[in-house]
Structures are given as C-alpha cells and as structure tokens.
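Before any comments, here is the structure.
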Amino acid sequence: MRLLIGTLALININLALSGQSYAGVAEALIPHRAVYDLELQQASDRSGIESMYGRMVYEFNGSACSGYTVGFRFVTQLDTGGTVRLTDQQTTTYENLEEGTFRFLTKSYVNEKLDLEVRGSARAETDGTAVDLTTPRRAKLNLDRAQFPTAQMISLIERAKKGDRFFQSHLFDGSEEGSKVMLTTSVVGSPKVSGDENSELEVTGDFADLPTWPVTIAYFDETKNEDGTPVYRISFELYENGITRDLIMDYGEFALKGTLASLETFDGEGC
C-alpha cells in the first residue's frame, strides 16, 4: 500500500528547486521514527471488509549531501467474516538528491509468507526516468520524467511555504512493481495550529505548538483511461520538518485512519 513517504514526496513543475532552496528546506527535515496505529475508518459493502486494524512504522534518516534512507513497514489484519488475512509490507529506500538516484526494495508478506519482492534502482535523466529492475524480473525501463519521494517532499514543503495551494507532479517510488510513474495532485490548506483537543499533540512533544499544513495528495495511474478517480488518496497534517500526523488513507472501497502513537527524533548527519 502506497504511503507518502514518503511519502510524502511534486512536475511537470520539474525538479524545479534551486540548489539553495533544496538546501534550505532539506536542512529543516528531522530524522525521525514515527509509529502510527491503524484502524478502519470506513468500508463499503462491496469491499467485504468487516474489520481491519494494524500498525505503520516510518523511519527517515540522512542528509542532503549524504542521501536519505527511509524504512517503512505497514502491517494490517483484515477480516472479511469468512477469512482473516495478515499483510506485512516492508520497504527500504535510498535517495541521493545531488545525483538524482534512487534505490528501492520492497517485500510483501501475506499470512507470514513472502508474496512479492521488488528490487531495483532508478536515475532521473533530462528526458525521463531510467529504471533498472532486478527482482521479480530483470528489466530496463524508460519511464516519464518524475521526482523521487524525498525530493517531492521537499518540493511540497517549499511550495506550501510560498502559499501554493494546488499543483500536480509525477512521482516514481518503486511501487507497482517498479514499473510505473504516478501522477499526483496535491491540495494544501492554510497553515494552522491545532487545539488542545487533538490527542496526537502529546506525542509530538516539542512540535505540538508548531503550525501544520493540511495536505491531501491523490495518486492517478495515467496508463488507465477510466473515470478519472484516483487509485489512492492520502490526507495528513504536515509539519515543516517533514513529520506528519492525522493520516487518512483512502483506497476507494475502504479507508484507514492512522493515529500517531509514538515519535522519536534523531540527530541529523549534517553536511
């Protein structure tokens, strides 16, 4: 299942940040480990889902000069009434902003058995995105020009700070077996400081009084000419340091709510 990852991470506005802008926003990103409790927010009758819950762990490390690593684990238990299925997606990525390169590995387990492994690398080029897949098949792909997740996150924060409220971009994050670029549409609200009634503020600690942008990102598969609805949509509150809370992950037939349960920050590597 797709997250922001990084998730959070927007072109045909191009990789259009200057080196100075990249450095300014990147320096504000905080290495951290965030744990989210997941619960079913809603499910249609057609989905067949009676209950669903789980946990998501997102760990972000690195710097603009050494590159960024992301570790992501998404575990859910789904009950349809007749069957119970445990899914476990484990992803690790490395992204180098200066070189425009990206490495990815995802292992997906169903009921504790490996169901799919995807491994490869990608490079941003002037006319597209060159992808080298090694697993589950060996292939070299030339895809549309796109950003990688951390570069997209930096671009999102930069545009939000400038007051941009609606924009589109293309993203390659290694999902869809590493074979597709997704069109993303982002809607960013005005920054705000949440009230005391938000239970996640206690977890965010020193960041509780900082403003957040309400963000919604929709992901579209342009290879499918259907009714124009997104494959997936995620909403969250975004801090300028890259930390997120109040997640809603909408897959169409069902939606999951992610509540920030714990947050640990690390010392940055610096440049």
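Within the stretch 221-236, the set of residues being buried (at least 16 other Cβ atoms within 10 Å of the Cβ) and either at pLDDT 95 or above or over 21 Å from F167 (Cα atoms) (or both) comprises R233, I234, S235, F236.
Suppose the filter is surrounded by 15 or more Cβ atoms within 10 Å (Cβ to Cβ), modelled with pLDDT of 90 or more and assigned to a loop (DSSP other than H, G, I, E, B); does P214 pass it?
No.
Looking across T76, T87, T93, one residue alone is touching a Pro at 6+ places or on another chain (Cβ under 9 Å), under 21 Å from E177 (Cα atoms), assigned to a strand (DSSP E or B) and at pLDDT 95 or above. It is T93.
Which residue, of R103, R123, R145, is of a type in the set (K, R), under 21 Å from the mean Cα position of the chain (by Cα), crowded, with 17+ Cβ neighbours inside 10 Å and assigned to a strand (DSSP E or B)?
Working: R123 fails: crowded, with 17+ Cβ neighbours inside 10 Å; R145 fails: assigned to a strand (DSSP E or B).
Step by step, each of R103, R123, R145 is checked, and only R103 is of a type in the set (K, R), under 21 Å from the mean Cα position of the chain (by Cα), crowded, with 17+ Cβ neighbours inside 10 Å and assigned to a strand (DSSP E or B).
Taken over the stretch 106-120, residues that are surrounded by fewer than 15 Cβ atoms within 10 Å (Cβ to Cβ) and over 13 Å from E177 (Cα atoms) amount to 5.
Within the stretch 219-254, the set of residues being of a type in the set (A, V, I, L, M, F, W, C) and not in a strand (DSSP E or B) comprises V231, I243. Just so you know, in the stretch 242-267 the residues that are loosely packed, with under 15 Cβ neighbours inside 10 Å and closer than 28 Å to A64 by Cα include one that is modelled with the lowest pLDDT, and it is D267. Among the numbered conditions (1) buried (at least 16 other Cβ atoms within 10 Å of the Cβ); (2) hydrophobic (A, V, I, L, M, F, W, C); (3) in a strand (DSSP E or B), the only one that V203 does not meet is (3). Anything in the stretch 81-91 that is surrounded by fewer than 17 Cβ atoms within 10 Å (Cβ to Cβ) and closer than 19 Å to F60 by Cα? List them, or say none. Correct list: Q90 only.
Answer yes or no: is there a residue in the stretch 169-177 that is more than 17 Å from the chain's Cα centre (by Cα) and of a type in the set (S, T, Y).
Filtering the stretch 169-177 for residues more than 17 Å from the chain's Cα centre (by Cα) gives none.
For the stretch 169-177, residues more than 17 Å from the chain's Cα centre (by Cα) and of a type in the set (S, T, Y): absent.
Every condition in (1) over 13 Å from the mean Cα position of the chain (by Cα); (2) under 30 Å from S108 (Cβ atoms); (3) surrounded by 15 or more Cβ atoms within 10 Å (Cβ to Cβ) holds for P191 except the one numbered (2). Of the residues making up the stretch 53-71, those that are in contact with a Leu (Cβ under 9 Å, 6 or more places away or on another chain) and part of a loop (DSSP other than H, G, I, E, B) are A64, C65.
The values are calculated or read from the model by the stated rules, or taken from the named source; none is laboratory data. Quick caveat: nothing in here was measured; it's all calculated off a predicted structure. FYI the Cβ positions are ideal-geometry reconstructions off the backbone, even for glycines, and counts take in every protein chain you see.
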